[in-house]
Amino acid sequence: MMKTKRITIDMTLPLEEQLAEAGQLLKDGQLVAFPTETVYGLGANGLDEMAAKKIYTAKGRPSDNPLILHIAEKDDIIPLTEEVPMNARVLIDAFWPGPLTLVVKRSAIVPRLTAGGLDTVAVRMPDADIARALIRMAGVPIAAPSANLSGRPSPTTAKTVAEDMDGRIAMIVDGGACHIGVESTIVDCTSPVPTVLRPGGITVEMLTDVLGAVEIDKGLTDESVKPKAPGMKYRHYAPEAETILFEGETERKRDGLIKAAMDAVCMKKCVGALVSRELAERLPADVITVSYGDKAELASLLYDTLRGFDEKGADVIYLEGVDESDIGLAVMNRLRKASGNRIVTA
Ligand code: AMP
Ligand code: MG
């Protein structure tokens with residue numbers, strides 16, 4: 001097992017000095033986990049096939065699931081692609097740096113393994129200062145999937161990165177909690193109408209405002225259609241405990257969740273519930289309850305809460321669904337996956 005070094009960033013001091021060693025490790029082909037505004041990434045030199053390979057091994061990630069390349073400047077996308085289409089330019093101007101990943105045609109400098117064997121490549125310029133400073137120090141595009149073991153909830157703190165990655169990677173850069181909490185939106189810019197392959201921090205409403213029209217990949221909602229982002233077909237974000245999502249009309253959905261929680265408590269089960277503040281007040285005291293005020297708060301605490309329920313020994317986890325407007329689409333996508341599609345619709 002490798003010794004994983006952990007450093008904690010002080011945002012009041014210059015980042016370059018603090019990130020020099022991390023940048024050097026990346027240059028040397030090692031793995032370094034670091035915070036972005038969405039979730040923690042597991043970084044490696046994205047142009048070095050051997051380094052990218054280490055990511056797949058450390059995560060236990062299937063090799064057909066491509067990596068997103070993270071860059072520090074908008075123009076750094078140019079050498080990675082044959083062409084930056086007009087739609088992509090519009091999106092870059094509107095949303096970079098930020099939680100938006102663009103899929104474009106791959107240039108020859110991007111290794112096949114980084115791109116999961118596809119002829120396209122996914123590129124993002126993160127907003128978090130630590131992420132961009134680290135990419136600059138490394139001097140290369142950084143391939144960085146979420147820093148969790150494949151299938152587990154993504155990490156939004158250095159502590160949860162360590163749970164999965166301690167002993168597997170060279171360094172964890174602790175920069176505090178990630179404020180968005182769900183992954184970037186992925187938009188395929190190679191199709192005539194840009195297509196959302198994964199909902200995320202930049203909402204469909206925001207994309208439609210600047211583009212006029214976007215499509216949503218049918219594979220996201222229709223089980224019989226293969227998703228265009230290879231990673232979306234895998235089981236994901238799954239806690240160890242049995243997890244059930246309650247959807248549908250507000251009152252009926254809440255009544256259903258309360259009844260399920262009461263029954264489980266009667267059966268002496270340890271119950272975790274992630275619900276709105278309104279519903280939290282109505283649950284039995286024995287339920288480990290985490291509540292949120294709005295959908296953005298739910299996004300930011302979602303993954304940590306799922307991991308926390310496992311840590312506390314929950315036998316079952318009940319999740320309250322939210323409406324799918326704005327960040328709700330990304331949140332519901334993650335909740336459905338976390339539940340392994342065990343959904344009760346009221
Ligand atoms: P992660 O970084 O762990 O959040 O996962 C990255 C996601 O981006 C996965 O769902 C991948 O399948 C998807 N992805 C990466 N590159 C491409 C690409 N070239 N085309 C479509 N999806 C991609
Ligand atoms: Mg991931």
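What follows is calculated from the coordinates using simple rules that are stated; it is not laboratory data. The shown structure was predicted, so the numbers you read here are calculated from the model rather than taken from an experiment. Cβ coordinates were reconstructed from backbone atoms using ideal geometry, including for glycine residues, and neighbour counts include every protein chain displayed.
Could you grab me the full set of residues in the stretch 277-288 that are closer than 24 Å to R334 by Cβ and surrounded by fewer than 19 Cβ atoms within 10 Å (Cβ to Cβ)? Matches in the stretch 277-288: R277, E278, A280, I288.
Within the option set P111, P194, P145, P141, being touching a residue at least 40 places away in the same chain (Cβ under 8 Å) and within 13 Å of ligand 2 (Cβ to nearest atom) holds for one residue only, P145. In the stretch 145-176, of all residues being touching a helix residue (DSSP H, G or I) at 6+ places or on another chain (Cβ under 8 Å) and of a type in the set (A, V, I, L, M), the one that is nearest to K54 (Cα to Cα) corresponds to I169.
Quick check, is L274 buried (at least 19 other Cβ atoms within 10 Å of the Cβ), in contact with a helix residue (DSSP H, G or I) (Cβ under 9 Å, 6 or more places away or on another chain) and in a strand (DSSP E or B)? Yes, satisfied. Taken together, E240, E247 contain a single residue that is in contact (Cβ under 8 Å) with a residue 60 or more places away in the chain, in contact with a strand residue (DSSP E or B) (Cβ under 7 Å, 6 or more places away or on another chain) and farther than 24 Å from N87 by Cα, which is E247. Is there a residue in the stretch 146-156 that is part of a strand (DSSP E or B), closer than 17 Å to A44 by Cα and either away from ligand 1 (no atom under 13 Å from the Cβ) or of a type in the set (A, V, I, L, M, F, W, C) (or both)? No - not one qualifying residue is present in the stretch 146-156.
Within the stretch 277-311, the only residue that satisfies the criterion of being touching a helix residue (DSSP H, G or I) at 6+ places or on another chain (Cβ under 8 Å), polar (S, T, N, Q) and either under 17 Å from A241 (Cβ atoms) or in contact (Cβ under 8 Å) with a residue 40 or more places away in the chain (or both) is T289.
Within the stretch 204-226, residues that are touching a residue at least 12 places away in the same chain (Cβ under 8 Å) and under 19 Å from T190 (Cα atoms) have Cβ atoms under 6 Å from residues that are small (G, A, S) and assigned to a helix (DSSP H, G or I) in these pairs: V210/A94, counting only partners at least 6 apart in sequence or on another chain.
Screening the stretch 57-87 for residues that are outside any loop (DSSP other than H, G, I, E, B) and surrounded by fewer than 21 Cβ atoms within 10 Å (Cβ to Cβ) and picking the one that is nearest to ligand 2 (Cβ to nearest atom) gives T57. Within the stretch 95-112, which residues are more than 11 Å from ligand 1 (Cβ to nearest atom) and over 21 Å from the mean Cα position of the chain (by Cα)? S107, A108, I109, P111, R112 - these are the residues of the stretch 95-112 that are more than 11 Å from ligand 1 (Cβ to nearest atom) and over 21 Å from the mean Cα position of the chain (by Cα). Scanning the stretch 146-159 for residues that are out of contact with any strand residue (DSSP E or B) (no Cβ under 6 Å at 6 or more places or on another chain) and surrounded by 24 or more Cβ atoms within 10 Å (Cβ to Cβ) yields a count of 4.
Here A241 clears all of (1) over 29 Å from D188 (Cα atoms); (2) among the aliphatic types (A, V, I, L, M); (3) within 20 Å of the chain's Cα centre (by Cα) except the condition numbered (3).
Could you check, for the stretch 17-36, whether at least one of its residues is touching a Cys at 6+ places or on another chain (Cβ under 9 Å) and under 30 Å from A296 (Cα atoms)? Working first, answer last.
Here is the first cut: in the stretch 17-36, the ones touching a Cys at 6+ places or on another chain (Cβ under 9 Å) are 35-36.
Subset that is under 30 Å from A296 (Cα atoms): 35-36.
For the stretch 17-36, residues touching a Cys at 6+ places or on another chain (Cβ under 9 Å) and under 30 Å from A296 (Cα atoms): present.
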